[in-house]
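A short write-up of the structure that comes next.
The values are calculated or read from the model by the stated rules, or taken from the named source; none is laboratory data. Bear in mind that the values here come from a model prediction, so they are computed numbers and not experimental data. FYI the Cβ positions are ideal-geometry reconstructions off the backbone, even for glycines, and counts take in every protein chain you see.
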Amino acid sequence: MTISRPRDGYFAGVTDASDATVEAVGKVTEALEWVERARGHLYSFHQLMGHADLLLGEACDALREAGHDDVAERIETELVGRNVIQGRWTFQVVEEFDDSYWSVVRDHEKGVRDELVGGQRHLHEARMKEDRRTHGRKGHEARP
């Protein structure tokens, strides 16, 4: 069933998609948003681990200055520059994730939108905004 929407709203150009289609496409987009969040955490992991590695290098310098060359050597050879996963530093983990998962999910989400709702982004949210805003009230405009 297609619900007729006012043509002044954000999504005015797309009124032929059924609510069920809009909701289904919205779920695909929501999944992408969660993947984007996970990717952000992966980048945080990458930066945190890189910073930790630099701190370990500084710790080795401090240990040497304090006369603990043997301890510094042990940390430097065992920990500084160590792979976080077999054969990989974090940048490689990020690159593999981007190439093998993130980019594929993005492509599919865009393909679903292009095929089913004319490429419109956030159509579910746009319809929600139209339903929830107070028409004619300042601060509740349909568009900027």
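Quick notes
- Matching residues in segment 72-93 - criterion: being over 13 Å from Leu56 (Cβ atoms) and β-branched (Val, Ile, Thr): Ile85, Thr90, Val93
- Qualifying residue in segment 90-101 (condition: more than 30 Å from Ala24 (Cβ to Cβ), surrounded by 11 or more Cβ atoms within 10 Å (Cβ to Cβ) and among the polar types (S, T, N, Q)): yes
- Which listed residue is in contact with a helix residue (DSSP H, G or I) (Cβ under 6 Å, 6 or more places away or on another chain), surrounded by 12 or more Cβ atoms within 10 Å (Cβ to Cβ), at pLDDT 95 or above and within 20 Å of Leu32 (Cβ to Cβ), from Val105, Val84, Val71: Val105
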